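Below: one structure, written as structure tokens.
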Amino acid sequence: MRQIDRRSFLALAEASLTAFALAGCSSQNSSTSPSNASSQQPSAETDASSAYPGKSIVVYFSATGNTKGIAEKIAATTGSDIYEITPAEPYTSDDLNYNDQNSRTTQEMNDPSARPALGDDSIDLSPYTTVYLGYPIWWGDAPRIMSTFVESVDLSSATVVPFVTSSSSPIGSSAKNLQSLANGGTWKDGGRIDVSASDDDIKDFVEKNK
Ligand SMILES: Cc1cc2nc3c(=O)[nH]c(=O)nc-3n(C[C@H](O)[C@H](O)[C@H](O)COP(=O)(O)O)c2cc1C
């Protein structure tokens with residue numbers, strides 16, 4: 001983890017502790033719900049999908065539910081299938097403690113080679129022309145499980161649209177870092193989506209990244 005990210009995030013966390021705690025702890029246990037594996041919805045028949053031709057899927061990791069909420073909105077807007085990336089070992093609230101130098105997430109983010117194991121068999125993304133790829137920002141970067149994921153799938157024939165949630169940090173170089181680990185694909189800029197994004201905000205994001 002870059003020192004600058006850590007410093008600026010710590011300053012931010014201190015300044016807006018209450019807001020951050022609310023955002024971060026709203027659904028502490030939703031991260032690794034076992035119901036994730038291939039909860040898919042039909043994409044061909046919906047009105048939304050006819051506005052966004054081509055088979056698409058929203059693939060996301062979410063430790064506390066914020067990214068999951070945005071992922072579901074993108075799936076509804078675009079008529080996409082949806083798939084949750086789960087860790088083999090679920091993240092507890094102690095694991096997510098960014099004030100603890102020894103917490104699991106601090107240790108993982110301090111180690112660019114960390115590759116937390118996935119909980120599910122990897123998904124075949126070859127049927128999809130567009131993959132919306134979502135994750136929270138941790139210490140200015142993508143959680144290391146996203147590295148595990150992008151290294152385990154074939155994105156070579158997909159357009160990848162990265163999206164992130166965070167307390168305030170932008171997507172930064174997190175998606176470029178994932179792109180450098182991935183097996184190809186056409187990567188759009190994507191960006192941060194606020195947890196309170198409206199349907200119109202989601203539509204704007206999708207349109208901008210078409
Ligand atoms: C370990 C950890 C590190 C985080 N680092 C940042 C950060 O660098 N910048 C930021 O704005 N938010 C940071 N956050 C806040 C999360 O990005 C934010 O709460 C996000 O919406 C959580 O998404 P989720 O609920 O899908 O897991 C961090 C949270 C955790 C648990």
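The values are calculated or read from the model by the stated rules, or taken from the named source; none is laboratory data. Please read all numbers here as calculations on a predicted model, not as lab measurements. Neighbour counts are summed over all protein chains in view; Cβ atoms, including those assigned to glycine, are modelled from backbone coordinates with ideal geometry. These area figures cover heavy atoms from the full protein model, side chains too; ligands, DNA and RNA do not enter into them. Shrake-Rupley method; radii C 1.70, N 1.55, O 1.52, S 1.80 Å.
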*When you scan the stretch 154-164, how many residues do you find that are open to solvent by less than 10 Å² (accessible area, probe 1.4 Å) and either out of contact with any helix residue (DSSP H, G or I) (no Cβ under 9 Å at 6 or more places or on another chain) or over 21 Å from residue 66 (Cα atoms) (or both)?*
2
*When residues of the stretch 97-116 are filtered for being polar (S, T, N, Q), part of a loop (DSSP other than H, G, I, E, B) and open to solvent by 20 Å² or more (accessible area, probe 1.4 Å), how many remain?*
6
*In the stretch 43-77, what count of residues is obtained for those that are of a type in the set (Ser, Thr, Tyr), away from the ligand (no atom under 16 Å from the Cβ) and at pLDDT 95 or above?*
2
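If you take the residues in the stretch 196-207 that are open to solvent by 70 Å² or more (accessible area, probe 1.4 Å) and touching a residue at least 12 places away in the same chain (Cβ under 8 Å), which one is nearest to the ligand (Cβ to nearest atom)?
199
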*Residue by residue through the stretch 170-190, note down the ones that are open to solvent by 30 Å² or more (accessible area, probe 1.4 Å) and over 15 Å from the mean Cα position of the chain (by Cα).*
180, 181, 183, 184, 186
*asked:* So residue 141 passes all but one of these: (1) away from the ligand (no atom under 14 Å from the Cβ); (2) farther than 15 Å from residue 62 by Cβ; (3) surrounded by 14 or more Cβ atoms within 10 Å (Cβ to Cβ). Which condition number does it fail?
replied: (1)
*With respect to residue 80, determine if the residue is away from the ligand (no atom under 16 Å from the Cβ) and modelled with pLDDT under 95.*
no
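Does residue 93 meet the test of being modelled with pLDDT of 95 or more, in a loop (DSSP other than H, G, I, E, B) and either open to solvent by 60 Å² or more (accessible area, probe 1.4 Å) or β-branched (Val, Ile, Thr) (or both)? Spell out how you get there, then give the answer.
Values: modelled with pLDDT of 95 or more: yes; in a loop (DSSP other than H, G, I, E, B): yes; either open to solvent by 60 Å² or more (accessible area, probe 1.4 Å) or β-branched (Val, Ile, Thr) (or both): yes.
For residue 93, the condition - modelled with pLDDT of 95 or more, in a loop (DSSP other than H, G, I, E, B) and either open to solvent by 60 Å² or more (accessible area, probe 1.4 Å) or β-branched (Val, Ile, Thr) (or both) - is met.
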*Which one is nearest to the ligand (Cβ to nearest atom), of the residues in the stretch 124-136 that are closer than 20 Å to residue 208 by Cβ and open to solvent by 20 Å² or more (accessible area, probe 1.4 Å)?*
130
*Long-range neighbours under 6 Å by Cβ, at least six apart or interchain, first residue more than 27 Å from residue 52 (Cα to Cα) within the stretch 114-143, second open to solvent by 40 Å² or more (accessible area, probe 1.4 Å) and within 16 Å of the ligand (Cβ to nearest atom)*: 139/1; 140/172
_Odd one out for residue 167 among (1) more than 16 Å from the ligand (Cβ to nearest atom); (2) in contact with a Phe, Trp or Tyr (Cβ under 6 Å, 6 or more places away or on another chain); (3) open to solvent by 10 Å² or more (accessible area, probe 1.4 Å)_ = (1)
*Would a scan of the stretch 154-163 turn up a residue that is over 20 Å from residue 83 (Cβ atoms) and in contact with a Phe, Trp or Tyr (Cβ under 9 Å, 6 or more places away or on another chain)?*
no
